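Reading through the structure tokens given below for one structure.
Computed from the coordinates by the stated procedures, all read-outs in this text should not be read as laboratory data. On a predicted model such as this, the values are computed, not experimentally measured, just so you know. Counting neighbours? That spans all protein chains shown, and the Cβs are built from the backbone with ideal geometry, glycine included.
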Amino acid sequence: MEQKLSFELGAQVGADAHFGLIVLQSDETLEYEFAQVFSKPEWSLHTSRVKSGDEVTVETLAEMENDLTGAAGLFPKSARYDVVGYGCTSGTSVIGAKRIADLVRLGCHTTHVTEPVSALVAACKAMGVKRLAFLSPYIGEVSQTLRQVLVEQGLDITVFGSFQEQLEENVARITPSSVVSASQKLVSEQNVDALFLSCTNLQSFSIVEELEQSLQCPVLSSNLVLAWHMMTLAGMCSHRTDMGSLLREH
């Protein structure tokens, strides 16, 4: 005979902070790297996916605007978030940070919305960074749009380099050693305040500390600044000594 057993209802999983993350369908890196930072048992991190193109163009990036609210709507309906992050740097430059925030809020309950562009600007302000060396994996059309947005936000792109790759699956497989070599070539003898590694699909966490020691300047990546900004907006911190000066000092 089946017994009906009693139970109690408790609070939402994650006692201190609740995070949501919208990841591109084509992204293979962001969740992997975020797992290294958002690992505290007092925090919850829910993820959703948004439809995205296999090739990165201004047109495919713009198309994500149509699916962002639906992606945010796939988070648990009863959950309330401190911060929801949208994981696309170039997509933000095409769609716009405010439009992204509006679309995300139509799909879920959250206090803050951020993305890598707003996160980078906030990180640069916190660190006193004005002059950036900029490394992108993407074709010129996509990179130019993003650089223009950053310049409008008061940042100076002192030197720029790109792998000029259009396929997302290839971007996710660019080796960390390739990023190190390209960064050293790009920053060599340049007067910059920091290096920015653009794209959430580009592997970066394992090389940030090595690059900072080699280049003698802060190294910021899309995933690193997005993680930092989400934690900052939630009033949380995750000090690390192995992932660069942003998480170590700010």
On Cα atoms only, tilt of 97-107 relative to the major axis of the chain in degrees
20
For the range 143-207 and the range 47-126, what is the separation of their Cα centres, given in Å?
21
How far is helix 116-127 tilted, in degrees, relative to the longest principal axis of the Cα atoms in the chain, given as a value from 0 to 90 rounded to the nearest 10?
70
Please give me, ordered by residue number, the trypsin sites (Lys or Arg not before Pro) of the range 31-95 that lie in loop per DSSP and have at most 16 other Cβ atoms within 10 Å.
K51, K77
Tilt relative to the chain, helix 176-187 - C-alpha long axis, 0 to 90 degrees, to 10:
50
When Lys and Arg each count +1 and Asp and Glu each count -1, what net charge do the other residues less than 10 Å away from H18, Cβ to Cβ, add up to?
-1
For Rg/Rh (Cα atoms, Kirkwood Rh), the choices are (i) 1.05; (ii) 0.96; (iii) 1.00; which was calculated from the structure?
(iii)
Report the local net charge at V180: Lys and Arg +1, Asp and Glu -1, summed over other residues whose C-beta lies under 15 Å from its C-beta.
-2
Counting DSSP beta bridges in the chain, what percent are antiparallel, to the nearest 5?
5
With the contact rule set at Cα under 8 Å and sequence spacing of 6 or more, what percent relative contact order holds for the chain?
20
Beta carbons within 10 angstrom, averaged per residue: use that to sort the peptides 120-127, 162-169, highest first.
120-127, 162-169
Once the other residues with Cβ under 15 Å from the Cβ of A101 are scored (Lys, Arg +1; Asp, Glu -1), what is the net sum?
-1
Around V50, which amide H atoms from residues at least 5 apart in sequence, or from another chain, sit under 5 Å from its own amide H, with H modelled in the peptide plane?
V23, L24, Q25
Based only on other Cβ atoms within 10 Å, what is the fewest-to-most ordering of S177, S143?
S177, S143
Treat the count of other C-beta atoms within 10 Å as a stand-in for reagent exposure and order T60, T145 from fewest to most.
T145, T60
Taking only the alpha-carbon positions of the range 118-220 as identical scatterers, the Debye log10 I(q)/I(0) at q = 0.19, 0.22 Å⁻¹ comes out as -0.94, -1.27
What is the extension gain from E63 to M127, computed as 0.36 nm multiplied by their sequence separation minus the C-alpha to C-alpha distance, in nm to one decimal?
19.7 nm
Using a 10 Å cut-off on Cβ atoms, rank the peptides 170-176, 213-219, 36-42 from the highest mean neighbour count down.
213-219, 170-176, 36-42
Taking neighbour Cβ counts within 10 Å as the exposure measure, how do D27, D67 sort from fewest upward?
D67, D27
